[in-house]
Amino acid sequence: MPLVTSVIDDKSPLISYDSTWTAGTALDSFATDYYRGTFTINNVTDGLASFSFNGTAIWIYGANRPNHGSYTVQVDSATYSGLDGAGNNLFQQSLFNISSLNQEMHTVKLTNTASGGLYVDIDMIVWQSQVGNMGDQLVSEAVQDTDSRFQFQEPAWSTASSGDINFGLFSNGTGQ
């Protein structure tokens with residue numbers, strides 16, 4: 001079966017963060033080293049982030065930094081402990097991955113187990129899903145916001161301009 005790989009940034013509403021997680025800021029001198037320049041960070045013991053997906057494999061990316069500590073990851077009922085985010089300022093690193101899952105819904109939870117204010121962060125999540133049947137060809141299409149299949153109601157929607165803070169994140173320099 002063909003595999004579809006999906007990537008979401010840490011800001012995606014598909015990731016559920018408890019109230020102890022906060023958005024990383026541009027005040028961090030390494031912020032631009034993260035995927036799309038964003039990250040979500042936690043320095044509270046037992047801070048929890050969770051994500052559910054339908055697929056066979058998942059990768060959670062973040063940073064290994066000197067002020068980062070330990071965390072656990074739970075996939076469904078299996079817990080993986082002894083994971084550590086300490087490192088020498090390495091970014092877009094796989095904090096956890098597993099690729100031996102059955103094609104079905106899974107829930108992944110990342111918990112900060114460090115004490116003393118040590119951090120863990122999430123930069124992006126990648127997962128794979130099987131689609132179609134054996135021998136099928138996977139056809140993908142990127143549909144731009146300028147395509148006539150999209151209709152945006154004004155004034156709730158407006159065309160993005162180069163002055164918008166996230167303008168550089170829009171595909172082909174267009175967005176709504």
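Give the shape of segment 1-79 as rounded, prolate or oblate, defined through the alpha-carbon gyration tensor: a ≥ b ≥ c are the square roots of its eigenvalues, a/c under 1.5 means rounded, and otherwise the shape is prolate if a/b is larger than b/c and oblate if not.
Values: a/c = 1.92, a/b = 1.34, b/c = 1.43.
Oblate shape, in that a/c is at least 1.5 and b/c is the bigger or equal ratio.
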- Note on the structure: Whole-Hz Karplus couplings 3J(HN,Hα) for segment 73-81, θ = phi - 60° and coefficients 6.51, -1.76, 1.60, Gly and Pro as x, run 10, 10, 10, 6, 9, 8, 10, 10, 10
- Task: Quick one: what are the phi-derived ³J(HN,Hα) couplings along segment 126-136, Karplus 6.51/-1.76/1.60 with θ = phi - 60°, whole Hz, x for glycine and proline?
- Result: 10, 9, 10, 9, 7, 9, x, 10, 3, x, 5
- Message: Show me the ranking of peptides 57-64, 125-132, 108-115, 3-10 by mean Cβ neighbours inside 10 Å, starting with the highest.
- Response: 57-64, 108-115, 125-132, 3-10
- Vicinal HN-Hα couplings computed from phi for segment 56-72 (Karplus, 6.51 cos²θ - 1.76 cosθ + 1.60; Hz; Gly/Pro x): 10, 8, 8, 10, 10, 10, x, 10, 10, 9, x, 9, 9, x, 7, 7, 10
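With a cut-off of 8 Å between alpha carbons and a minimum separation of six or more residues, what is the relative contact order of the chain in percent? Write out the running numbers ahead of the final one.
Working: 379 pairs, mean separation 50.9, N = 176.
Relative contact order, the chain: 29 percent.
No value in this document is a laboratory result; all are computed from the given coordinates. Since this is a predicted model, take the numbers as computed values, not measurements. As a convention, Cβ positions derive from the backbone with ideal geometry for all residues, glycine included, and neighbour counts pool all protein chains shown.
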